[in-house]
């Protein structure tokens, strides 16, 4: 099957749609500047903000001013509508990555929750619910019913949106969807601005990806979506094909929760495997849209991986984050959409603000170059070493198809968990529930003999709530001062799946889904789909949630509660 | 200085969640990173925050921490000359 891209949609600091984004890119006009919308005390930090307030975004989207909608969803609605309108079709699958979800509303309304005021905003904290809100606002009429039969929210931090694109492509290849709307959305929040600040990786000036003197990233916000459909369908209905999905891969660096390995092992594997799926050689790639966050660590690690794979024949490389800021979970969708624009209009986007080269760093393209682009590579790397690469091509690339095969029976960790399987040094930074899950996984690996499954996939409704609540409450109580980095580092939904990969040295596929009570269903759909396609033969599926008093108090206002869940299942195709 | 060293050890244990340790378990002159306590880059960030919170010392460059955090003694010496509270 050849997978065609028939629609793109994007919103970021450099444009509210594709046309505006294209103009900014061609004019080399960055969107990074002073904070105007986000109400953080850290005004000294430049950001790539979408220059409209929530009220203005609602007005633009035709949404009632009183309807509670996370900013992530508002950005997502605008970008998704553009993609659907361009494709002029309907999709049955919707996969949108996010990590922030409705955190913006939670931090704005926390004081009200503490005073016992119930609110519709509470439910919207959940990453999956912010995706459901986008879905409801994409209904062709005003019924506010999701038009999709399958909705999923990958939450693997900054690689979330590329992982959404991969799942969408896999659903098409197994005949589970006719057309898929895929990408990601993420708004700025005080929570992750402060979090990145504790890691001391935010530049106080506009960011300079791959520059010798780079000094960190600028956070941005936005959304980017693609409409994927089989080429045959697109041709039949006479829809113009903008580009094709060439190949893709996700791997785990399995090195550290927030830093990349010096050799960029995970990044190298992701790019190599994506090229392999596309049947391409490194020399076939005309342009690489790098992850290029401008942190000292990312750019050095990514350069090592690029130089290892491409040698002295490195194609044109740029990071567009000096335009948009780092849009975190949205970045893979936004940057894939930017790649499609670059292919359509035959140019290489500039890597702004680059001045000096240094040993070990690649030299990017510093000004817009007119060039025909046949094959393009797009990278997105996330916390936990979650590394994703996507190949986009100007002509169709045949990807294997397969009917959906039944999921094998899982082996569960049905014994009483022996917590001694996690030693004190390892457990130092783990929450009690994390410790239980790690012990359960170790027992399961012993009982099944599968120590290196091809995939590690976690399902979680609320994510790593204990550390999230710690960081949020500290941030609000201290007026965003003197915060501890550890709770933030462990607050992302994909902390658990990454931790298991790091502890077991697993460079395989690594994903996390946060889709309310359907999270496990999404994880199993991913396993079944990839097993059917022969992409994986074994998978460790984790279910994780933790009971947290602070959040329970809030949830009790809407009659809900959290609970402790830590189960591990091993799926394996028998030889 | 000895009093500062003892206080600092207790603060390190607390900040880095070494639940089963006491100040007596930390060798004042042993390396904090690599060997010794075996701290990593996340711990380095926690120690930078500890300097700010407890002693009013702001390090703008995380790389500056390397020499300061060589051992509890080097840390205490740095604190005693740079503290603002």
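The values are calculated or read from the model by the stated rules, or taken from the named source; none is laboratory data. As the structure is a prediction and not an experimental result, all values here were calculated from the model. Cβ placement follows ideal geometry from the backbone for every residue including glycine, while neighbour counts extend to all protein chains displayed.
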Please work out which one of (1) in a loop (DSSP other than H, G, I, E, B); (2) at pLDDT 95 or above is the condition residue A:257 fails and give its number.
(2)
Tell me yes or no: at least one residue of the stretch B:44-61 is closer than 28 Å to residue A:426 by Cβ, facing chain A (nearest Cβ under 10 Å) and modelled with pLDDT under 90.
no
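Residue-by-condition table, conditions (1) over 17 Å from residue A:166 (Cα atoms); (2) away from chain B (no Cβ under 14 Å); (3) touching a helix residue (DSSP H, G or I) at 6+ places or on another chain (Cβ under 9 Å):
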{"site": "A:363", "(1), (2), (3)": "yes, yes, no"}
{"site": "A:368", "(1), (2), (3)": "yes, yes, yes"}
{"site": "A:397", "(1), (2), (3)": "no, yes, yes"}
{"site": "A:400", "(1), (2), (3)": "no, yes, yes"}
{"site": "A:418", "(1), (2), (3)": "yes, yes, yes"}
{"site": "A:424", "(1), (2), (3)": "yes, no, no"}
{"site": "A:429", "(1), (2), (3)": "yes, no, yes"}
Considering only the stretch A:552-575, state which residues are more than 25 Å from residue A:440 (Cα to Cα) and in contact with a helix residue (DSSP H, G or I) (Cβ under 6 Å, 6 or more places away or on another chain).
A:554, A:558
So, in the stretch A:236-269, of the ones that are within 14 Å of chain B (Cβ to nearest Cβ) and surrounded by fewer than 23 Cβ atoms within 10 Å (Cβ to Cβ), which residue ends up nearest to residue A:303 (Cα to Cα)?
A:262
Give me the helices (runs of 4 or more DSSP H) completely within the stretch A:438-555, filtered to those with at least 2 residues that are more than 20 Å from residue A:123 (Cβ to Cβ) and within 14 Å of another protein chain (Cβ to nearest Cβ), ordered by residue number.
A:465-477, A:485-489, A:495-504
Could you list, in sequence order, all residues of the stretch B:1-36 that are within 12 Å of chain A (Cβ to nearest Cβ) and outside any helix (DSSP H, G or I)?
B:16, B:17, B:18, B:19, B:20, B:21
State which residue is modelled with the lowest pLDDT when the search covers only the stretch B:62-85 and only residues that are away from chain A (no Cβ under 12 Å), surrounded by fewer than 14 Cβ atoms within 10 Å (Cβ to Cβ) and in a helix (DSSP H, G or I).
B:66
Residue in the stretch A:301-318 that is crowded, with 24+ Cβ neighbours inside 10 Å, within 18 Å of residue A:10 (Cα to Cα) and in contact with a helix residue (DSSP H, G or I) (Cβ under 6 Å, 6 or more places away or on another chain) present:
no
